[in-house]
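J.: Dropping a structure here in structure tokens format, bear with me for questions.
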Amino acid sequence: MPTSFVLNGKPTHLDADPTMPLLWAVRELAGLTGTKFGCGVAQCGACTVHLEGQPIRSCVTPLAAVAGKHITTIEGLHGKPAKAVQAAWVKLQVPQCGYCQSGQIMSATALLAKNAAPTDADIDAAMSGNICRCGTYGRIRAAIHAAAATLEA
Amino acid sequence: MAANPRDVPLTSRRGFLQAAGAASAAALTIGFEWRLSGRRAMAAGAIPATGDTNFVPNAFVRIGGDDSVTIIAKHLEMGQGSYTGIATVLAEELDANWANVRVESAPADAKRYANLAFGMQGTGGSSAMANSWNQLREAGAKARAVLLAAAAQQWQVPVTDLRVEHGVIHSPDGRHATFGALVATAATLPVPETVVLKDPAQFKLIGQTIPRVDAVAKSNGTAQFTIDFALPGMLVALLQRPPLFGATVKSLDASAAQAIPGVVQVVQVPAGVAVIATGFWAAKRGRDALQVQWDDTQAEKRSSAAIVAEYRDLADRPAASARKDGDALKAIAGATKKIAATYEFPYLAHAPMEPLDAVVKLSSDHCEIWAGDQFQTIDQANAARAAGLEPAQVSIHTLYAGGSFGRRANFYSDYIVEAVSIAKAHGAGVPIKLQWTREDDIHGGLYRPLYVHKLEAGLDEHGALAGWRHVIVGQSIMGGTPFAAMVKNGIDPTSVEGAANLPYAVPNVQVDLATTKTGVPVLWWRVVGSSHTAFAVESFMDEVAHAAGKDPYEFRRSLLERESRMRAVLDLAAEKSGWSTAPLPPGKGRGIAVAEAFNTYVAQVAEVTVGADGKVRVDRVVCAVDCGTPINPDIITAQMEGGIGFGLGAILYGEISLQDGHVEQNNFDSYRVLRMNEMPKVEVHIVASALPPTGVGEPGVAPIGPAVANAVFAATGKRVQTLPFTKGGFA
């Protein structure tokens, strides 16, 4: 039974096991590989996408659960907070291995979309579900503040 | 975003085509092996050949008629910034226009691309910049010399009249030409045998903060990792490995697995049972449905507690000598004050964010591998053995690695060999991607070994350190591997580095090593020996300083008179942290530690707050580093920051423990790593130096553990001697 949803603004119909996690549907069936597999149990945040603008862990979200919904992946990010976040990521040279950064950017963008001037505590709350083994946390924090500053300006 | 060639995903085939479209196709038609084979696999003739000439003066650079400067990186980019560093050094001597520089990974070819520190192709030991510094400078300078000669010939002017700036050669009469305009002539000229390198005072790129070549692709989801790589018709395999190290398959019932839609085949391979399917999810469901009985008669069935007890016993028995200066036992026996401590270090997993994976396409005479490959020469040999081919029949495309921390640099090529053996068992020549899960990674062995360290010291009547004895007990990383020749007189240098080379001036020093055997496979882990020796040495030195009634910074300093570089980073970290000038309020503490690893010197001062519940929060870390010539200060800073975060997570929370041989952790829920809310503020200070560059990927990890443990002591009077901190209720 195909599942229909809107992926990065495009109506999408995927004929797949409805229990398949959205992560694998997006990566292997829709061919969008920016969203990453890190743990499979919602512990690392590498698979973060937006469901109706809210960050979710696609590795534990069954495909059936997104029927009729809007899903945004790193490939479909748009709008001012997203652009500010991605620009700050490059400006502050955040990525090292880069593998977790799609998920980090999705979480950071969702944070800024609802809170244009997050405090360090807000950042901790929004970002502590995203693991970076390279230890880029300090730069992620600085980049979120920098992105917030450009949104304010 | 792809208008700038640096911004395309560097190792991505798709990025390749975008680059081809954006720039001249000419630069993409050169005969580097991996490219040719890559194109064959994609679509014959997809990139039209042109008559344009490229200038390929050596194995490390190719200059196109479109002015593109393609620099071939022999080292894996796993986050440490190697691509940017390599490109910077070569482009510096070439005087290239940085905007035209792009980086491509080298094929597996030890003749051209050996790590000069290893004698084989591979990345590790923080050696990428150190081993290739002169090689890359010469490669760039020779290419520049030929381009100058080409301009001189075309314009009939003396070469000494010409100058090069940003990829353009200028003549005093106003004529000028870009590199691209000179490639046809340059390609006909001889490459000089020798060349004069730049005076460092003339450096324009080295020493500057050049943005990473991979930053954009890694901020928009286009950077291509192995997990993202696909070939037409490719299948995905998951492998069921035994639940105990050393167990083997006794019997298999694959019927339920084979009934899962999407499962194509179940095959038994030396490492376990593989489920091959149309995609990850079907393979995962198939693997979950496997019924495997295991033969565990040869398996390791001990618990960590039993191994620690054995090691503690061995620490009191005679062991191999790694260093003996004077008579430490006598000096300690006769000391006015004696100090002793025993430290326990657990097994640690590397847990890179990208679970291990490899894509293999196997035919009767060729094995083609795509992976975040770190040990190309060894992987080539092991893959050849698994495939029944010769190493020369194995080609490797090295993609970005989603972290490694040592895990991918392994003698056994475990994940590569698994993928090859599955492709061989499948037998149809269909490309196979082997994908590990996080649980596979946490259970997968090749851990940083478990160690017990026992230290004793004696102070004389003046409070001077008279004797130092250090016994290390643990498994050898290199014994029984192709690197076994490095193990001499029972001493694996990776077990004692950071301890046997104790830098402090102590008249009587004895360092011994008891090498153990367990069924748990082990491997180097970021900063290798210093991941445990630095903790033991620097924690114990702190204990000794306090026993002597001295300030721990001043005490260390007094013993480092002949170690000027080490003392300089110690001084710098102390000064910048306010060690002597800015006391902390009660409940907070400051600790200091210093280490040398891979010829790089790092000192760190950690500030902690210990809550009423005894939990440690690291607030601030001040880090001083001397890595010789700083090639890219921002990457050095990033590696120190990252090393601190990586090391801090390990000492606070990291542990792989065994219960009756079973690994007790499964995923990031139970193998805890550092998170955003636990990352301290980090300040990095780089020592100015004109010495040849040394590495920065690992050394930043070494001092953080003892700096934090010493800070906890300063705050609470309690010593942390068993890792991780969670075991003592400190985290």
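The values are calculated or read from the model by the stated rules, or taken from the named source; none is laboratory data. Just so it is clear, the structure is predicted and the values come from calculations on it, not from any experiment. Cβ placement follows ideal geometry from the backbone for every residue including glycine, while neighbour counts extend to all protein chains displayed.
J.: Can you find even one residue in the range B:88-101 that is closer than 30 Å to B:PHE405 by Cβ, touching a strand residue (DSSP E or B) at 6+ places or on another chain (Cβ under 6 Å), at pLDDT 95 or above and not in a helix (DSSP H, G or I)? Spell out how you get there, then give the answer.
T.: Filtering the range B:88-101 down to residues closer than 30 Å to B:PHE405 by Cβ leaves B:88-92, B:98, B:101.
Among the residues that remain, those that are also touching a strand residue (DSSP E or B) at 6+ places or on another chain (Cβ under 6 Å) are: B:90-91, B:101.
From the residues that got through so far, the ones that are at pLDDT 95 or above too are B:90-91, B:101.
Next, only the ones that are not in a helix (DSSP H, G or I) stay: B:101.
Yes, the conditions are met somewhere in the range B:88-101.
J.: What are the pairs with Cβ atoms under 6 angstrom where one residue, in the range B:618-635, is at positive phi and the other, located anywhere, is assigned to a loop (DSSP other than H, G, I, E, B)? Sequence gap at least six, or different chains.
T.: Listed pairs, sorted by first residue: B:GLY628/B:SER689; B:GLY628/B:LEU691; B:GLY628/B:PRO692; B:GLY628/B:PRO693; B:GLY628/B:THR694.
J.: Now, a different point. Output the number of residues of the range B:608-650 satisfying the condition of being outside any strand (DSSP E or B), farther than 28 Å from B:PRO200 by Cα, within 14 Å of chain A (Cβ to nearest Cβ) and touching a Ser or Thr at 6+ places or on another chain (Cβ under 9 Å).
T.: Within the range B:608-650, residues that are outside any strand (DSSP E or B), farther than 28 Å from B:PRO200 by Cα, within 14 Å of chain A (Cβ to nearest Cβ) and touching a Ser or Thr at 6+ places or on another chain (Cβ under 9 Å) number 4.
J.: Say whether the condition of being crowded, with 24+ Cβ neighbours inside 10 Å, touching a residue at least 24 places away in the same chain (Cβ under 8 Å) and within 14 Å of chain A (Cβ to nearest Cβ) is met by at least one residue in the range B:104-127.
T.: yes
J.: Can we say B:PRO270 is touching a residue at least 60 places away in the same chain (Cβ under 8 Å) and exposed (fewer than 15 other Cβ atoms within 10 Å of the Cβ)?
T.: Details: touching a residue at least 60 places away in the same chain (Cβ under 8 Å): yes; exposed (fewer than 15 other Cβ atoms within 10 Å of the Cβ): yes.
When the stated conditions are applied, B:PRO270 passes them.
J.: Let me ask another. Looking only at the range B:479-505, how many residues end up being outside any helix (DSSP H, G or I) and touching a residue at least 24 places away in the same chain (Cβ under 8 Å)?
T.: In the first step, residues of the range B:479-505 are kept if they are outside any helix (DSSP H, G or I); the result is B:479-483, B:487-492, B:497-505.
This time we only want the ones that are touching a residue at least 24 places away in the same chain (Cβ under 8 Å), so: B:479, B:481-483, B:489-491, B:497-505.
Summing the residues that are outside any helix (DSSP H, G or I) and touching a residue at least 24 places away in the same chain (Cβ under 8 Å) in the range B:479-505 gives 16.
J.: Restricting to the range A:17-29, name every residue that is assigned to a loop (DSSP other than H, G, I, E, B) and either basic (Lys, Arg) or surrounded by fewer than 21 Cβ atoms within 10 Å (Cβ to Cβ) (or both).
T.: Taking the range A:17-29 and keeping what is assigned to a loop (DSSP other than H, G, I, E, B), we get A:17-20.
Selection gives A:PRO18, A:THR19.
J.: Any residue at all in the range B:327-337 that's charged (D, E, K, R), at pLDDT 95 or above and either outside the structural domain of B:GLY458 (by TED's automatic domain parsing) or over 30 Å from B:VAL544 (Cα atoms) (or both)? Before you say what the answer is, go through the steps one by one.
T.: From the range B:327-337, those charged (D, E, K, R) are B:327, B:330, B:337; that's our starting set.
Next cut, at pLDDT 95 or above only: B:327, B:330, B:337.
From the residues that got through so far, the ones that are either outside the structural domain of B:GLY458 (by TED's automatic domain parsing) or over 30 Å from B:VAL544 (Cα atoms) (or both) too are none.
Within the range B:327-337, none of the residues are charged (D, E, K, R), at pLDDT 95 or above and either outside the structural domain of B:GLY458 (by TED's automatic domain parsing) or over 30 Å from B:VAL544 (Cα atoms) (or both).
J.: Restricting to the range A:42-67, count the residues that are among the β-branched types (Val, Ile, Thr) and either more than 24 Å from B:PHE229 (Cβ to Cβ) or at pLDDT below 95 (or both). Don't jump to the end; show me each part of the working.
T.: Keep residues of the range A:42-67 that are among the β-branched types (Val, Ile, Thr), which gives A:48-49, A:56, A:60-61, A:66.
Retained after the next criterion (residues that are either more than 24 Å from B:PHE229 (Cβ to Cβ) or at pLDDT below 95 (or both)): A:56, A:60-61, A:66.
Residues in the range A:42-67 being among the β-branched types (Val, Ile, Thr) and either more than 24 Å from B:PHE229 (Cβ to Cβ) or at pLDDT below 95 (or both): 4 in total.
J.: Scan the range B:368-405 residue by residue and report those that are crowded, with 24+ Cβ neighbours inside 10 Å and within 18 Å of B:ARG448 (Cβ to Cβ).
T.: If the condition is that a residue be crowded, with 24+ Cβ neighbours inside 10 Å and within 18 Å of B:ARG448 (Cβ to Cβ), then B:PHE375, B:GLY403, B:SER404, B:PHE405 are the ones that fit.
J.: From the list A:ALA65, A:ALA84, which residue is more than 22 Å from A:LEU112 (Cβ to Cβ), part of a helix (DSSP H, G or I) and out of contact with any Gly (no Cβ under 8 Å at 6 or more places or on another chain)? Can you show your working first?
T.: On the way: A:ALA84 fails: more than 22 Å from A:LEU112 (Cβ to Cβ).
Matching residue, one of A:ALA65, A:ALA84: A:ALA65.
J.: To continue, here is another question. Restricting to the range B:377-409, count the residues that are in a loop (DSSP other than H, G, I, E, B), away from chain A (no Cβ under 11 Å), hydrophobic (A, V, I, L, M, F, W, C) and under 19 Å from the mean Cα position of the chain (by Cα).
T.: Residues meeting the conditions: 2.
J.: Let me ask something additional. Looking only at the range A:68-81, filter to residues that are at negative phi and either among the aromatic types (Phe, Trp, Tyr) or not in a helix (DSSP H, G or I) (or both); which one of those is farthest from the other protein chains (Cβ to nearest Cβ)?
T.: First, pick out the residues of the range A:68-81 that are at negative phi: A:69-78, A:80-81.
After this cut, where a residue has to be either among the aromatic types (Phe, Trp, Tyr) or not in a helix (DSSP H, G or I) (or both) as well, the list is A:69-73, A:77-78.
On the way: A:LYS69: 20, A:HIS70: 18, A:ILE71: 14, A:THR72: 12, A:THR73: 7, A:LEU77: 8, A:HIS78: 12 Å.
Once the filter is applied, the top-ranked residue is A:LYS69.
J.: Given the conditions (1) away from every other protein chain (no Cβ under 12 Å); (2) surrounded by fewer than 19 Cβ atoms within 10 Å (Cβ to Cβ); (3) of a type outside the set (D, E, K, R), report the number of the one that B:LEU239 does not fulfil.
T.: If we test B:LEU239 against (1) away from every other protein chain (no Cβ under 12 Å); (2) surrounded by fewer than 19 Cβ atoms within 10 Å (Cβ to Cβ); (3) of a type outside the set (D, E, K, R), just (2) comes out false.
J.: For the range A:87-97, give me the residue count where each residue is facing another protein chain (nearest Cβ under 7 Å), over 14 Å from B:ILE636 (Cα atoms) and surrounded by 24 or more Cβ atoms within 10 Å (Cβ to Cβ).
T.: So the count comes out to 2.
J.: Also: Provide a single number: the residues in the range A:98-153 that are surrounded by fewer than 22 Cβ atoms within 10 Å (Cβ to Cβ), within 9 Å of chain B (Cβ to nearest Cβ) and polar (S, T, N, Q).
T.: 1
J.: Tell me yes or no: at least one residue of the range A:41-60 is within 9 Å of chain B (Cβ to nearest Cβ), more than 19 Å from B:ASN677 (Cβ to Cβ) and touching a Gly at 6+ places or on another chain (Cβ under 7 Å).
T.: no
J.: Okay, moving on. Among the residues that make up the range A:130-153, is at least one of them touching a residue at least 60 places away in the same chain (Cβ under 8 Å), within 14 Å of the chain's Cα centre (by Cα) and within 23 Å of B:GLY649 (Cα to Cα)?
T.: yes
J.: Then there's this: What's the number of the only condition in (1) touching an Asp or Glu at 6+ places or on another chain (Cβ under 9 Å); (2) within 14 Å of chain A (Cβ to nearest Cβ); (3) not polar (S, T, N, Q) that B:MET234 fails to meet?
T.: (1)
J.: Scan the range B:704-717 and tell me whether some residue there is more than 14 Å from every other protein chain (Cβ to nearest Cβ), in contact with a strand residue (DSSP E or B) (Cβ under 9 Å, 6 or more places away or on another chain), of a type outside the set (Gly, Ala, Ser) and not in a helix (DSSP H, G or I).
T.: no
J.: Sticking with this structure for a sec: Being of a type in the set (Gly, Ala, Ser) and buried (at least 21 other Cβ atoms within 10 Å of the Cβ) is the filter; apply it to the range B:217-231 and report the residue that is nearest to the other protein chains (Cβ to nearest Cβ).
T.: Keep residues of the range B:217-231 that are of a type in the set (Gly, Ala, Ser), which gives B:217, B:219, B:221, B:223, B:230.
Next, only the ones that are buried (at least 21 other Cβ atoms within 10 Å of the Cβ) stay: B:217, B:219, B:221, B:223.
Details: B:ALA217: 8, B:SER219: 4, B:GLY221: 2, B:ALA223: 5 Å.
Filtering the range B:217-231 for residues that are of a type in the set (Gly, Ala, Ser) and buried (at least 21 other Cβ atoms within 10 Å of the Cβ), the one nearest to the other protein chains (Cβ to nearest Cβ) comes out as B:GLY221.
J.: While we're here: Given the options B:ASP214, B:ASP253, name the one that is acidic (Asp, Glu) and either at positive phi or more than 8 Å from chain A (Cβ to nearest Cβ) (or both).
T.: On the way: B:ASP214 fails: either at positive phi or more than 8 Å from chain A (Cβ to nearest Cβ) (or both).
None of the other options fit; the residue is B:ASP253.
J.: Turning to a different aspect of this structure: Considering only the range B:407-430, I want to know if a residue exists there that is crowded, with 24+ Cβ neighbours inside 10 Å, in contact with a Cys (Cβ under 9 Å, 6 or more places away or on another chain) and of a type outside the set (S, T, N, Q).
T.: yes
J.: Here is a further query. Give just the number: which of (1) within 14 Å of chain A (Cβ to nearest Cβ); (2) surrounded by 21 or more Cβ atoms within 10 Å (Cβ to Cβ); (3) of a type outside the set (A, V, I, L, M) does B:ASP669 not satisfy?
T.: It is condition (2) that B:ASP669 fails.
J.: Follow-up question, since we're still on this one. List, please: which pairs have Cβ atoms under 9 Å, are six or more places apart or on different chains, and start with a residue in the range B:56-81 that is within 14 Å of chain A (Cβ to nearest Cβ) and end with one that is of a type in the set (D, E, K, R) and outside any loop (DSSP other than H, G, I, E, B)?
T.: Once the first residue is within 14 Å of chain A (Cβ to nearest Cβ) and sits in the range B:56-81, its partners that are of a type in the set (D, E, K, R) and outside any loop (DSSP other than H, G, I, E, B) give B:GLY81/B:ASP634.
J.: Now a separate question. Looking only at the range B:432-442, filter to residues that are touching a Pro at 6+ places or on another chain (Cβ under 8 Å) and outside any strand (DSSP E or B); which one of those is nearest to the other protein chains (Cβ to nearest Cβ)? Give the steps one after another, and end with the answer.
T.: Pass one, the range B:432-442, residues touching a Pro at 6+ places or on another chain (Cβ under 8 Å): B:435-438, B:440-441.
Keeping just the survivors that are outside any strand (DSSP E or B) gives B:436-438, B:440-441.
Working: B:TRP436: 10, B:THR437: 6, B:ARG438: 4, B:ASP440: 10, B:ASP441: 9 Å.
Ranking the candidates gives B:ARG438 first.
J.: So, one more: Check off (1) of a type outside the set (A, V, I, L, M); (2) in a helix (DSSP H, G or I); (3) at the interface with chain B (Cβ under 8 Å from one of its Cβ atoms) for A:GLY34 and give me the number that stays unchecked.
T.: The one condition A:GLY34 does not meet is (2).
J.: How do the pairs read when you match residues in the range B:556-583 that are assigned to a helix (DSSP H, G or I) with residues anywhere that are polar (S, T, N, Q), using Cβ under 8 Å and keeping only pairs 6 or more apart or on different chains?
T.: B:ALA573/B:GLN604; B:ALA574/B:SER580
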